Amino acid sequence: MVKKNAQFIKLLTAIILTTICLFFPIAIQPAIATETASSTAIYQQRTIHNPDGIGKFYMGREIAKVMGYEGAGWLERPSRGLEERSTRLVNNLDLKPTDIVADIGAGTGYFSFRIAPLIPQGKVLAVDVQPEMLNFIESNKQEKNIANVEPVLASFDNPNLPENSINLALMVDAYHEFAYPREMMQGIVKALKPEGRVVSVEYRGENPLIPIKGLHKMTQKQVKKEMAAVGLVWKETKDFLPLQHLMVFEKQTPI
Ligand SMILES: C[S@@+](CC[C@H](N)C(=O)[O-])C[C@H]1O[C@@H](n2cnc3c(N)ncnc32)[C@H](O)[C@@H]1O
């Protein structure tokens, strides 16, 4: 009887062990799958992160918090032109009078209103996600009596621009804040005309002495990597600005 019981326990143990061996991999499969999916996903969310960021990472970089419309005064500060050589920036965009320019993350329209007179037969689409910024642009437009600036409300993952409609997408001090950089850039690339260009102007991440928060700067290497991910080809970097690098990208021409 004791022998029979021992045999039964052995058999039961074998069945339990076999069951565990067969089903354990299945049980952990979703966990492995989730882990793999999250590490290869476009974005990663981390709980420990820079307080200036949103805890969301893209291609090794943490995305910065959006600068609220309360910061409009800083964007329009009188010293800005001299500090950042803004006139030099717009004069080096190689614009044609008929160009359609999308100023993505336009803020108060600081650059939109400086570009508009250079493209008298064209227009600037001043794109932003904050309606308050667009209201600012609208009232500035009336005040300055500049007709060829059109405010466009974007969503966080879509610039809301028609396909094949723009010659240039300019992003000054804005791209590092895009919560969905991949989707935004895909929308921008679609909106570019075949010979269209993207110009990225970011504070130099390579220079720790530039007095701007880390997440609000970008290195050239990082910008190139992120633009290449949406099929944009780096053409040149113009290094004539005191604090930022101006990088020019082109749409890949189909062979
Ligand atoms: C630091 S401000 C720069 C404004 C302007 N380019 C300038 O240099 O004066 C960044 C702007 O980008 C806008 N922004 C952030 N995410 C955006 C998105 N996904 N699409 C469009 N604009 C966005 C913000 O609302 C903010 O007005």
Exercise for review: Please give the net charge around M59, taking every other residue with its beta carbon less than 10 angstrom from that of M59, where Lys and Arg add +1 and Asp and Glu add -1.
Suggested key: +2
Check your understanding: Within region 240-254, whose backbone N sits under 17 Å from a point 7 Å along Cα→Cβ of I42?
Key -> none
Study note, to complete from the structure: The FRET efficiency for T253 and A229, from their Cβ-Cβ distance with R0 = 22 Å and rounded to 0.05, is 0.75
Exercise for review: List the equivalent ellipsoid semi-axes of region 34-103 in whole Å, largest first, each obtained as the square root of 5λ for an eigenvalue λ of the Cα gyration tensor.
Suggested key: 35, 19, 10
Point to revise | Residues in region 91-123 that a label on I146 would reach, taking backbone N under 11 Å of a point 7 Å out along Cα→Cβ | key: 108-119
Check your understanding: Can you give me the pair-distance distribution of region 115-207, C-alpha pairs, 5 Å bins, whole percents?
Key -> 3, 12, 21, 25, 21, 12, 5, 1
Point to revise | Cα gyration tensor shape of region 84-134, rounded if a/c is under 1.5, else prolate or oblate by comparing a/b with b/c | key: oblate
Practice item. Give me the percent of Cα-Cα pairs in region 48-155 that sit more than 24 Å apart, rounded to a whole number. Key: 32 percent
Practice item. Compute the separation of the alpha-carbon centres of region 147-179 and region 193-246 and state it in Å as a whole number. Key: 17 Å
**Study point:** Extension gain, I210 back to L153 (0.36 nm per residue minus Cα-Cα distance, nm)
**Key:** 17.4 nm
Check your understanding: Which entries of K65/K217; K96/K238; K144/K238; K56/K190; K213/K235 show an alpha-carbon separation above 21 angstrom in the structure shown?
Key -> K144/K238; K56/K190; K213/K235
Practice item. Counting other Cβ atoms within 10 Å, keep those with at most 16, restrict to DSSP loop, and tell me which GluC sites (Glu not before Pro) in region 196-255 are left. Key: E206
**Study point:** Relative packing of peptides 115-127, 84-96, 157-169 - highest average C-beta neighbours within 10 Å first
**Key:** 115-127, 157-169, 84-96
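Read-outs: derived from the displayed coordinates by stated rules, not from any lab. Just so you know, these numbers come straight off a predicted model, no measurement behind them. Heads up, the Cβs are rebuilt from the backbone with ideal geometry, glycines too, and the neighbour counts pull from every protein chain shown.
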